[in-house]
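The values are calculated or read from the model by the stated rules, or taken from the named source; none is laboratory data. As the structure is a prediction and not an experimental result, all values here were calculated from the model. Cβ: placed from backbone, ideal geometry, glycine included. Neighbour counts: every protein chain shown.
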Amino acid sequence: MLVLPAIAAADNTRVSIFDYQWSNKEVHINLGERVTWDWLGPDLEHSVTGISPDDLQWDSDPGTDVPHHRAGDEYTLEFTQPGEYFFQCKLHAWVRGEVIVSDVPGNPLSDPGPRPPLNVDLTPPTIGEVKLAKTKFKGTNGTKMRASIDSPGSLDAEYYRLDSKGHRVYNGYHEWPTYIGINHFRLAARWKHFKARPGRYVAVLRATDKSNNTAKPLTKPFEILGKDPKKTRKAGQKP
């Protein structure tokens, strides 16, 4: 019996893994034919792991007790001995099924048909034009920012302070919920994960949709100005 690489062409029978179950829990094939398991999502932390004496060596996720796949992954086995083969997910024991192989020679070149469509959206969101009301400002209230986003989800900003040599030093983050269209935020406002001290900064902005796809990051430089020493002198104090 042969375990084929995930990239190999699959023949004969496809079984989809989605909604915490197999699409066909009892698969019947003939001798020499293949079964391909397709991870369609959105639940992807499932393995195809042999649990009967003659298939213990088969595991789609060897070396880990926490399987994880990308939507569209495949795992293919060719069965060259008749019998009953039982499989289950090593993380979710109720995600299981069996393959019953007859002793009748089959056709390993038969077409099992196309892979079913994925149950997840793999298209990353897009951040349109991002504008800051001010790129230099004082205080801890930040500055108004507007951004066009084409998917609901969230926008997070990682703040990096620039040192004297222009190197980035991580300085905190903030996250906002988003909706489709023009969104309004308050960038660089002080809160528990960002201290908003005077200095030069870069904000790295990332939009994430509800399917956990992440947009290409954008950067926005800004500067938080310090207090004017002339305005902080006490009355009558000499310069």
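Just a few scattered comments:
- Residue within region 116-132 that is touching a residue at least 24 places away in the same chain (Cβ under 8 Å), surrounded by 12 or more Cβ atoms within 10 Å (Cβ to Cβ) and more than 30 Å from PRO217 (Cα to Cα) present: yes
- Set THR140, THR80, THR123: member being in a loop (DSSP other than H, G, I, E, B), hydroxyl-bearing (Ser, Thr, Tyr) and under 22 Å from the mean Cα position of the chain (by Cα): THR123
- Test: SER102 is in contact (Cβ under 8 Å) with a residue 40 or more places away in the chain, outside any strand (DSSP E or B) and out of contact with any helix residue (DSSP H, G or I) (no Cβ under 7 Å at 6 or more places or on another chain): no
- Residues of region 158-206 satisfying the condition of being of a type outside the set (A, V, I, L, M, F, W, C) and in a loop (DSSP other than H, G, I, E, B): ASP163, SER164, LYS165, GLY166, HIS167, TYR179, ARG190, LYS192, HIS193, LYS195, ARG197, PRO198
- Selection within region 45-63: residues that are buried (at least 18 other Cβ atoms within 10 Å of the Cβ) and of a type in the set (Val, Ile, Thr). The member of this set that is farthest from VAL35 (Cα to Cα) is THR49.
- Subset tally (residues that are assigned to a loop (DSSP other than H, G, I, E, B) and more than 15 Å from the chain's Cα centre (by Cα)) for region 38-52: 5
- Region 83-99, subset in contact with a Phe, Trp or Tyr (Cβ under 6 Å, 6 or more places away or on another chain) and assigned to a strand (DSSP E or B), residue nearest to ASP19 (Cα to Cα): GLY97
- Failed criterion for ASP121 (all others in (1) over 25 Å from VAL27 (Cα atoms); (2) touching a Leu at 6+ places or on another chain (Cβ under 8 Å); (3) not assigned by TED's automatic domain parsing to the domain that holds GLY181 hold): (2)
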